[in-house]
1. Hull surface divided by four, with the convex hull built on the Cα atoms of segment 105-242: how many nm²?
2. A146 versus A242, label points 7 Å from Cα toward the beta carbon: distance in nm?
3. For a label point 7 angstrom out from the Cα of Y158 toward its Cβ, which stretches of segment 31-63 have the backbone nitrogen within less than 16 Å?
4. Cut-off is 10 Å between beta-carbons; in what order do E114, E130 appear when sorted fewest neighbours first?
5. Residue by residue, what Karplus-based ³J(HN,Hα) values in Hz, rounded to whole numbers, does segment 114-127 have, using 6.51, -1.76 and 1.60 with θ = phi - 60° and x for Gly and Pro?
6. Using a 7 Å offset from Cα along Cα-Cβ at A214, what residues in segment 170-188 end up with backbone N under 19 Å from the label point?
7. Just going by the charge dipole of the chain, with Lys and Arg at +1 and Asp and Glu at -1 on Cβ, which of Y62, L36, A214 is farthest out on the positive end?
8. Could you list D15, D75 so that the one with the fewest beta carbons within 10 Å of its beta carbon is first and the one with the most is last?
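Just so it is clear, none of the values below were taken in a lab; they were calculated from the coordinates. Worth saying up front: this structure is predicted, and the values here are computed from it rather than measured. Using ideal geometry, Cβ is built from the backbone for each residue, glycine included, and neighbour counts are taken over all protein chains shown.
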Amino acid sequence: MLRGWSIRPLRSNGDAVILLHGVADNRMGMLGYADLLLRHGYTVLLPDARRHGSSGGELATYGIKETGDLRLWYDWIEHAERPHCIDGLGNSMGAALLLESLPAVPGFCAVVAESPFANFREASYDRLAERLDAGAWLGRTLLRPAVETGLLYARWRYGVDLEQDSPENAVAASSIPVLLIHGLRDRNLPPRHSEMIVAHSSTRKPAVVLWEPAEAGHTGAAGAKPAEYERRVIGWFESHDAAGQAAERN
């Protein structure tokens with residue numbers, strides 16, 4: 001069972017945005033972003049990811065099973081609201097889930113992903129090393145056996161191959177416009193993750209754009225640069241929603 005909130009603005013612009021939260025969070029964590037989008041006329045859908053909040057599920061798979069969940073949410077809002085365009089906005093794990101889903105959910109007009117990981121293996125190196133206040137090199141060397149053991153266990157115990165979690169490959173395989181946001185002070189998932197996604201999608205420029213606010217930490221761009229965040233995010237959606245509506249009319 002998957003649960004979420006759908007909220008309509010007082011004055012609709014005819015478009016909708018699906019908002020995806022980070023790990024160990026729930027839809028409540030996206031209410032500030034929802035408020036911003038509602039003020040600009042967007043209908044918003046805030047799901048709880050599987051194994052988070054009020055949604056069910058045995059475990060979070062960081063994109064493998066969640067891609068199917070997002071497909072269901074996309075179909076739901078498409079039929080319930082009949083928007084001109086459906087966009088996506090995700091933070092951290094939610095950003096990775098959103099990017100991972102792009103080949104399977106090709107109808108998005110545009111997406112914004114803040115502080116995603118490039119692939120699950122690299123994220124594992126960083127998160128393990130972070131606990132010891134060290135760089136990813138430690139995860140790739142001394143802690144590598146722990147990462148490998150965890151990946152093997154997930155495959156054996158749950159039948160989930162976490163090595164298939166690769167937002168960088170998904171973005172490269174998609175044609176959907178992507179705005180990546182990654183604060184240069186992010187110590188949770190360093191900005192090199194978004195830089196890897198951009199590098200892997202080099203043939204898609206300018207459809208993949210990266211903004212790296214200098215003062216922002218993990219998913220902290222809206223707090224560090226609120227006016228610029230609003231301008232960039234709303235501008236990204238508006239420009240690509242207008243293009244999508246024009247293509248639909250033609």
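1. Working: hull surface 37.2 nm².
Convex hull of Cα atoms, orientation-averaged projection: 9.3 nm².
2. Label at A146, label at A242, 5.0 nm between them.
3. 49-53, 55-63
4. The fewest-first ordering by Cβ neighbours comes to E130, E114.
5. After applying 6.51 cos²θ - 1.76 cosθ + 1.60, I find 10, 6, x, 9, 6, 7, 5, 4, 4, 4, 5, 4, 5, 5 Hz.
6. Counting only backbone N, you get 181-187.
7. Positive-end residue among those listed: Y62.
8. D75, D15
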